[in-house]
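Let me begin by presenting the structure, written as C-alpha cells, before commenting on it.
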Amino acid sequence: MSSKEKPTLGGTRIKTRKRNIAAPLDPAAFADAVVQIYLDNAGDLELVAKNLESSDLNFSRYGDTFFEVVFTGGRTQPGTIKPDEGERHPYSVIECEAKREAILPSVIYIQKILRRRPFLIKNLENVMQRLLQSLELFEDNERKKLAIFTALAFSQKLSGLPPETVFQPLLKDNLVVKGLVLSFITDFFKEYLVDNSLDDLISILKRGKMEDNLLDFFPSAKRSPEGFSEHFTKEGLVPLVEYNEKKIFEVKLKKMKSALTTQIAEESDISEVIENVKQRVKDAKLPDIEVVRILWDVIMDAVQWSGKNQQQNANSALRQVKTWAKLLNSFCSSGKLELELMYKVQMQCYEDAKLMKLFPEIVKSLYDQDVLAEDTILYWFRKGLNPKGRQTFVKALEPFVNWLEEAEEEE
C-alpha cells in the first residue's frame with residue numbers, strides 16, 4: 001500500500017445566513033375564512049366571536065380586512081367601499097336594520113373582540129375613517145346605520161376609540177357642501193343623547209376638538225348661528241341649541257371684556273370708551289345687566305392693589321371709581337341696573353378680603369359721582385335679596401343710610 005497522502009479539496013466553506021421569508025399577503029383568503037364563520041353560525045355574533053377566538057386566523061396582519069367584513073359583509077376595493085371579489089355575508093352593520101336594538105349587538109361584539117385583541121383598535125380607526133370619508137357612496141339609510149353605530153360605540157365606551165377618529169374625517173369639503181355631514185352628525189347627536197347627557201356629548205366634542213367648531217358641519221349656505229338654531233330646533237335638539245347660544249354669548253362677552261380691558265389699561269379717553277362699548281353692545285345684542293357686570297369687573301381688575309397697605313388699597317379703589325364713574329353712569333340707566341351694580345359691588349367685597357371694609361366707601365363714592373341714586377341705596381339697605389355678607393354690609397352702611405334719611409327729611 002502506498003503511504004502517499006490522498007488529495008483533498010482546498011478552499012473555505014461559506015456559511016449563508018438564514019433569512020425569514022415572509023409569506024405573501026392573502027387578505028382574500030382571510031376574508032373568506034371570516035365570512036365562512038359568519039355563515040356557519042347564521043350571524044349569531046356570540047358564536048361568531050367564540051369561533052374567531054378559537055381560530056388560528058392572523059388578525060395582526062389582516063385587521064383592516066376583518067373590520068371591512070364586520071361593517072360591509074366582505075372585502076372592499078382599496079380606497080373605496082365598493083365590494084371586492086370573494087365571499088360575503090348578510091349580517092354586517094350595513095345590512096342590519098337602522099335601529100339601535102339591531103346595531104347594538106355589533107357594538108358589543110366588537111367590544112369583546114377588542115378586549116381579547118386590543119391591538120385591533122388601530123385597525124378599527126382606519127376602517128371607520130375610510131367609511132366616514134366615503135359617506136357619499138352610501139345610501140341615506142346606510143349612513144344612518146353608521147351614525148347609530150358610532151353613537152352606540154361612544155355610549156358603550158368602545159375600547160379606546162378616540163373622538164377625533166370620527167369627527168375629523170367628516171370635515172371633507174365635498175361631504176360638508178352636500179349636507180351629508182350635517183345629516184350624519186344630527187343622527188349621531190340624537191342617538192347618543194338617548195342614553196347620555198348633553199354634558200357627556202360636549203365632553204366628546206371637546207376631545208374631538210369640535211366643541212367650538214360645530215358650524216363646520218354645516219354647508220356654507222346654512223353656516224350661521226341662526227341656521228344652527230333653526231336646524232337643531234327642528235330636529236328636537238333644543239338643549240344643544242341653548243348650549244350653543246350660551247357659548248356664542250360667552251364669546252361675545254369675552255371679546256367685549258378684552259377690548260374694554262385694553263382701553264382702560266391704556267387710559268383711553270372716556271368718551272371714546274363709552275362709544276366703543278355702546279357699539280359692541282349694539283352689534284352683539286348684549287343685555288344691559290351683563291354689560292354693567294363686565295364694566296365693574298374690568299374697572300376693578302385694573303386697580304393696582306397693595307399686598308398689605310389697606311389705606312392704599314382704599315385710595316386706589318376709590319380713585320378708580322371716580323375716574324370711570326362717567327362710564328358706569330352711561331350704562332346704569334335705570335334703578336334696576338343701579339341695583340345690579342350694588343349687588344356686584346357687594347359680591348366683590350364679600351369674596352375679596354381686602355375689599356371687605358371698603359363697601360360703604362365705594363357705595364358713597366358711587367353716590368357722590370351720581371352713579372347710584374338715593375332710592376337705589378335705600379332699597380338695597382331695606383330689601384336687598386343677596387345674602388352674601390349682607391348683615392355685615394348693612395351694618396357698615398347704616399351711618400351713611402341714616403345721613404341720607406335725615407337729609408331726605410330736612411328736604
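Rule-based calculations on the coordinates, nothing more; no lab input. Every value quoted in this text rests on a predicted model; they were computed, and no experiment measured them. Here the Cβ positions follow ideal geometry from the backbone for every residue, glycine too, while neighbour counts run over all protein chains shown.
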Worksheet item: At what distance in nm do the modelled label points of ALA407 and LYS206 sit from each other, each positioned 7 Å from its Cα along Cα→Cβ?
Response: 4.9
Worksheet item: For helix 335-351, what angle does its Cα long axis make with the longest principal axis of the chain, in degrees from 0 to 90 and rounded to 10?
Response: 70
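Report the charge-dipole magnitude of segment 246-409 in Debye, nearest 20, computed about the Cα centre from +1 at each Lys and Arg Cβ and -1 at each Asp and Glu Cβ.
Working: 25 positive and 25 negative charges, 185 e Å.
Computed charge dipole of segment 246-409: roughly 880 debye.
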Discussion item. Beyond a 22 Å Cα-Cα separation, which of these cross-linked pairs lie in this structure: LYS209/LYS285; LYS246/LYS326; LYS144/LYS190; LYS172/LYS209; LYS255/LYS354; LYS144/LYS172?
Written reply: LYS209/LYS285; LYS246/LYS326; LYS255/LYS354
Worksheet entry | Convex hull of Cα atoms in segment 280-367, direction-averaged projection (nm²) | 5.6
Worksheet item: Once the Cα atoms of segment 95-169 are picked out, what are the Rg and Dmax in Å?
Response: 12.0, 34
Item to complete: Hey, can you grab everything whose amide H is under 5 Å from the amide H of THR76? Only 5+ residues off in sequence or another chain; H modelled, so Pro and N-termini drop out.
Response: ASP84
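Figure the gain on full extension for ARG117 and HIS231 (residue separation times 0.36 nm, minus the Cα-Cα span) and round it to one decimal in nm.
Details: separation 114, 0.36 × 114 = 41.04 nm, distance 4.09 nm.
Extra length available between ARG117 and HIS231 comes to 36.9 nm.
Pull out the extension gain between GLU95 and SER271, defined as 0.36 nm times the separation in residues minus the alpha carbon to alpha carbon distance; nm, one decimal. Working shown, then result.
Working: separation 176, 0.36 × 176 = 63.36 nm, distance 6.80 nm.
Separation in residues times 0.36 nm, less the Cα-Cα distance, equals 56.6 nm.
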Discussion item. Restricted to Cα positions, what overall size does segment 27-238 have along the principal axes? Three whole-Å values, descending.
Written reply: 55, 32, 27
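What chymotrypsin sites (Phe, Trp or Tyr not before Pro) does segment 262-348 have in DSSP loop regions with at most 14 other beta carbons within 10 Å? It would help to have the intermediate numbers written out before the result.
Numbers: sites: TRP296, TRP305, TRP324, PHE331, TYR343; in loops: TRP305, TRP324.
Taking segment 262-348 and a limit of 14 other Cβ atoms within 10 Å, the loop chymotrypsin sites (Phe, Trp or Tyr not before Pro) found are TRP305.
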Discussion item. As an exercise, use a Förster radius of 22 Å and the Cβ-Cβ distance of LYS282 and LYS336 to find the FRET efficiency, rounded to the nearest 0.05.
Written reply: 0.65
Worksheet item: For segment 246-409, what value does the Rg/Rh ratio take when both radii are computed over Cα atoms and Rh is the Kirkwood radius, given to two decimals?
Response: 0.96
Worksheet item: In degrees, nearest 10, range 0 to 90: what is the angle between the Cα axis of helix 63-72 and the longest Cα principal axis of the chain?
Response: 80
Worksheet item: When you count, for each residue, the other Cβ atoms within 10 Å and take the mean per peptide, how do 184-195, 37-48 rank with the highest first?
Response: 184-195, 37-48
Worksheet item: Hey, what angle do you get for helix 121-132 against the long axis of the chain, alpha-carbon based, 0 to 90 degrees rounded to 10?
Response: 80
Worksheet item: If you take the beta carbon distance between ARG223 and ASP195 as r and set R0 to 30 Å, what does 1/(1 + (r/R0)^6) give as a FRET efficiency, to the nearest 0.05?
Response: 0.55
Worksheet entry | Inter-probe distance in nm under a simple model that places probes 7 Å from Cα toward Cβ, at LYS322 and SER306 | 1.6
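In µm²/s, what is D for the chain at 25 °C and 0.890 mPa s, where D = kT/(6 pi eta Rh) by Stokes-Einstein and Rh is the Kirkwood radius from Cα pairs? Provide the component values of the computation, followed by the final result.
Values: Rh = 27.5 Å.
In µm²/s, the coefficient rounds to 89.
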Item to complete: Taking just the C-alpha trace of segment 214-328, give me its Rg and Dmax in Å.
Response: 19.0, 59
